[in-house]
Amino acid sequence: MKSFTAKTAKPDKVIAELLHGDGAVRITGLFSPDQIAEARAIIMAHSEQDSEKATHFQGAAEAEGKINLQRRVWNLLAKGEVFSQLAAHPVLMDILRKFLGTEFIMGSIAANRILPGGPGQEPHVDYPYWDFHAPQTHPVGLNASFPMNAQVSIILDPFTAQSGATGFVPGSQTELRYPTPDDRFYERCEQMTGEPGDVALFFGALWHCAMPNRASHDRNAVLIQYLPKWVKPMEDIPAALPTSFLDDASDDIRQLIGLNFPYPEVLDTAKSGNAEGRA
């Protein structure tokens, strides 16, 4: 997995890696220690206090009765201004505008906390590809020549082989299918290691999963899903935000939470000016 700094993460170079290279890159130097510490403190507080939340691809955690060792915190935009800063960092926005289109949106922003002893996840691909174990539910001819997802993991605790840094099979994003046992994921995978503040950016069609946390510390990350504007988001982000947040949102955040994209729309009541150029 290639590493870039905030200065060297040029969109064309990053996108070439996402589409035709390993499928994942590391970017360093985007966030300050204070931002990372604040985000982590909020996540730790909510993951200790909140009731059980939906998680995905729990696999071994369910089988071993360790589901409490993997905790999800949703709706992060409503939990602190720092999460808007993380989601709309200019370097990420520049890359993603070229990767997903200038009017791309955010499908989800959540945190995944895996406690010591947590067994990690099952290998998978991410939304909207994640149900590709049933390929008949997707359009005929769907291929990986254009992306419908980019995933960003903002690392809040050291991501090491011991702590369960995300495992991935380099180049698997070109397969556009769900991994199977015959793919020998755990024999072939590498890991997205990094320090707090680093970013792992990857194409969501890449085979990947959180690995078991065998360290003595938590493994926290902010997980952000970005989508082309016409892909239905996983989270209904605006519905979970207070009116005051929506009123004060920056232009970038308004774009990310889908306020600039009109559809679905009740066209029977829409004014003609709203539909100009859409015929």
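Looking at this structure, is residue 159 in contact with a Cys (Cβ under 8 Å, 6 or more places away or on another chain), hydrophobic (A, V, I, L, M, F, W, C) and touching a residue at least 60 places away in the same chain (Cβ under 8 Å)?
no
Give the residues of segment 250-274 that are without any contact (Cβ under 8 Å) to a residue 12 or more places away in the chain and under 18 Å from residue 83 (Cβ atoms), sorted by residue number.
251, 254
Please go through segment 215-240 and give me each residue that is touching a residue at least 60 places away in the same chain (Cβ under 8 Å), surrounded by fewer than 17 Cβ atoms within 10 Å (Cβ to Cβ) and part of a loop (DSSP other than H, G, I, E, B), ordered by number.
Matches in segment 215-240: 216, 217, 229, 232.
With the requirement that a residue be closer than 23 Å to residue 39 by Cα and of a type outside the set (Ser, Thr, Tyr), what does segment 192-203 give you?
Listed by number, the residues that qualify are 192, 194, 195, 196, 197, 198, 199, 200, 201, 202.
Can you tell me which residue in segment 182-203 is surrounded by the fewest Cβ atoms within 10 Å (Cβ to Cβ), limited to those that are assigned to a strand (DSSP E or B) and not acidic (Asp, Glu)?
191
Among 249, 270, 215, which is the only one that is modelled with pLDDT of 95 or more and either farther than 26 Å from residue 46 by Cβ or within 23 Å of the chain's Cα centre (by Cα) (or both)?
Result: 249 is the single residue among 249, 270, 215 that is modelled with pLDDT of 95 or more and either farther than 26 Å from residue 46 by Cβ or within 23 Å of the chain's Cα centre (by Cα) (or both).
Condition test on residue 198, is it among the acidic types (Asp, Glu), within 17 Å of the chain's Cα centre (by Cα) and at pLDDT 95 or above?
yes
Give just the number: which of (1) out of contact with any helix residue (DSSP H, G or I) (no Cβ under 7 Å at 6 or more places or on another chain); (2) modelled with pLDDT of 95 or more does residue 31 not satisfy?
Answer for residue 31: the failing condition is (1).
Could you list, ordered by first residue, the pairs with Cβ atoms under 6 Å in which the first is in segment 3-20 and in contact (Cβ under 8 Å) with a residue 60 or more places away in the chain and the second is assigned to a helix (DSSP H, G or I), at least 6 apart or interchain?
6/91; 9/91; 11/94; 11/95; 11/98; 14/95; 15/99
Name the single residue, out of those in segment 241-274 being part of a loop (DSSP other than H, G, I, E, B) and among the hydroxyl-bearing types (Ser, Thr, Tyr), that is nearest to residue 75 (Cα to Cα).
Filtering segment 241-274 for residues that are part of a loop (DSSP other than H, G, I, E, B) and among the hydroxyl-bearing types (Ser, Thr, Tyr), the one nearest to residue 75 (Cα to Cα) comes out as 250.
Being of a type outside the set (A, V, I, L, M), assigned to a loop (DSSP other than H, G, I, E, B), touching a residue at least 60 places away in the same chain (Cβ under 8 Å) and more than 22 Å from residue 28 (Cβ to Cβ) narrows it down to one residue among 141, 118, 107; which is it?
118
Looking only at residues that are charged (D, E, K, R) and modelled with pLDDT of 95 or more in segment 48-98, which one is surrounded by the most Cβ atoms within 10 Å (Cβ to Cβ)?
Applying the filter and picking the extreme gives 79.
Can you tell me which of 137, 166 is of a type in the set (Ser, Thr, Tyr) and surrounded by fewer than 23 Cβ atoms within 10 Å (Cβ to Cβ)?
None of the others qualify; the one that does is 137.
The values are calculated or read from the model by the stated rules, or taken from the named source; none is laboratory data. Please read these numbers as outputs of a predicted model, since none were measured by experiment. All Cβ positions, even for glycine, are placed from backbone atoms using ideal geometry, and neighbour counts span all protein chains on display.
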